[in-house]
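The values are calculated or read from the model by the stated rules, or taken from the named source; none is laboratory data. Computed from a predicted model, the values in this text were never measured in an experiment. A quick note on method: Cβ atoms are made from the backbone with ideal geometry, for glycine too, and the neighbour counts reach across all protein chains shown. The area values use the complete protein model at the heavy-atom level, side chains included, leaving out ligands, DNA and RNA. Shrake-Rupley method; radii C 1.70, N 1.55, O 1.52, S 1.80 Å.
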Amino acid sequence: MQKDKYILITGGAGFIGSHTYVELLNSGYTPVIADDLRNSNRLVLKNLEKITGKTILIAEIDVTDFDKLEKVFEKYNFHGIIHFAAYKAVGESVKEPLKYYENNIGSLVQTLKLAIKFEVESFVFSSSCTVYGAPDDKNEVTEEEVQLLANSPYGQTKIIGELILRDFQKANPNFKMVALRYFNPIGAHPSGLIGEFPIGTPNNLLPYITQTAIGKLNELTVFGDDYNTEDGTCIRDYIHVCDLAKAHVKALEFGEKCENGCLEFINVGTGKGNSVLEIIKQFELLTKLKLNYKIGPRREGDVPAIYANTDKVSGLLNWRTEYTLSDAIEHAWNWEKNLQHEN
Ligand code: UFG
């Protein structure tokens, strides 16, 4: 019988983590979640079991707690680690920077310490396009264009996280490390059983749209229509969360092939930008609903336009998107409708 290939996914009950859990199982791995559910919902665990037909392996622990995390490493002979566990609300990070540094840096450091101790050399880090700050006129960013200062403490924790990986890999050259720089993940699993669970009022565009359409929120405010873009609203690279999840599996597989160790920073986006108004129009078209929205002032810290150069992710990881923007919007809407029956 083949031995289980256990993969630790810290923060595996979250939005991207839960979708990655499914893709890992689909690819023959055995994922083990470490997550204290502080920013997720127990429904995700129940529905992960429905989707996969397998009992979930989870340690409900704070990933910054070295002793508790060590017990998880003792229990499973991990083949690789995908490290998601982190706070991610940009606005909150400006108000409570220490909370972000303590959790996001702390969880990374503890996980890496245990990776050395237990010789788990394959490591995927959850980074963000926030490391690019505001790009120049061309708006398409390649992996070399990292800034030294991000726009928020949240962004800073991703830049520092990447710097930690650089130093760590220099000291431990056998490690195979990939930092995936996510653009804007949206959508939900096509089954409608898992998706994004914003706690409180959402910050991100898609959950704000779906919650407005379903009547949980009154009105969406479009943050500014006076940017130097075609329709005046900001442009982002929206990527289906299941495509993003698959990129993690590809990153692990890539790591397995670099026998002598490696460290790569890789964009994961579609390579296409869409404006806020385009997303709203597409949502209205697909759902045949009229969205209640108004144009408001700009949101502080927003960059006018950014999208991924995808040469590296397609070349090195042999990864391509499978879902369209319409698929992502439809899946997000199905998920929102299904959630209604849960409450
Ligand atoms: N937007 C609105 N109204 C809203 C919410 C968002 O108009 O109610 C607009 C924003 O101004 C922006 C676009 O929708 O133009 C996307 O905003 P999101 O908040 O969904 O996403 P961001 O691009 O601001 O943030 C994302 C990730 C962050 C990451 C950042 C890096 O959510 O984790 O990209 O640029 F740090």
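Here are some notes:
- Protection-proxy order for peptides 196-209, 120-133, 277-290, each taking the mean of Cβ atoms within 10 Å per residue, highest first: 120-133, 196-209, 277-290
- Principal-axis tilt of helix 325-342 within the chain, Cα atoms, nearest 10 degrees: 80 degrees
- A dipole drawn for the range 304-343 from +1 and -1 charges on Cβ atoms has a positive end, and of 339, 314, 324 the residue lying farthest that way is 314.
- One quarter of the surface of the convex hull around the alpha-carbon atoms of the range 90-147 equals 5.5 nm², the direction-averaged projected area.
- Spherically averaged projected area of the convex hull of Cα atoms, the range 3-132: 8.3 nm².
- Cα-centred dipole magnitude for the range 12-131, charges only on beta-carbon of K, R (+1) and D, E (-1), debye, nearest 20: 300 debye
- Cα-based shape type of the range 89-196, given that a ≥ b ≥ c are square roots of the gyration tensor eigenvalues and the cut on a/c is 1.5: rounded
- Split the accessible area of the range 281-343 by element, probe 1.4 Å, and carbon with sulfur accounts for 47%.
- Cβ distances below 4.7 Å define possible disulfide partners, and in the chain the cysteines left without one are 129, 234, 242.
- Selection of trypsin sites (Lys or Arg not before Pro), the range 6-86, meeting DSSP coil and at most 14 other Cβ within 10 Å: 38, 54
- Estimated dipole of the range 184-343 in Debye, rounded to 20 [Cβ of Lys and Arg +1, of Asp and Glu -1, Cα centre]: 260 debye
- Carbon plus sulfur fraction of accessible area for the range 59-114, probe 1.4 Å, in percent: 53 percent
- Expressed as a whole percent, the accessible surface of the range 144-252 that belongs to carbon and sulfur atoms is 48, based on a 1.4 Å probe.
- Size descriptors for the chain, from the alpha-carbon set: Rg then Dmax equal 19.3, 62 Å.
- Placing unit charges on the Cβ atoms only, positive for Lys and Arg and negative for Asp and Glu, gives the range 191-281 a dipole magnitude near 260 debye about its Cα centre.
- Here, the range 135-257 is characterised by an Rg to Rh ratio of 1.01, where Rg is the alpha-carbon radius of gyration and Rh the Kirkwood radius.
- Of the residues 128, 301, 53, the one whose Cα sits farthest towards the positive end of the charge dipole of the chain is 53 (charges of +1 on Lys and Arg Cβ, -1 on Asp and Glu Cβ, taken about the Cα centre).
- Anisotropy class of the range 291-342 from Cα gyration tensor, a/c 1.5 cut: oblate
- The chain: angle of helix 15-26 to the longest principal axis, Cα-based, in degrees nearest 10: 50 degrees
- For the chain, the relative contact order comes to 19 percent (Cα pairs under 8 Å, sequence separation of at least 6).
- The three principal axes of the C-alpha atoms in the range 226-329 carry coordinate ranges of 54, 30, 19 Å, sorted with the longest axis first.
- Per residue accessible area in Å² of the chain, where ligands, DNA and RNA are left out and the probe is 1.4 Å: 46 Å²
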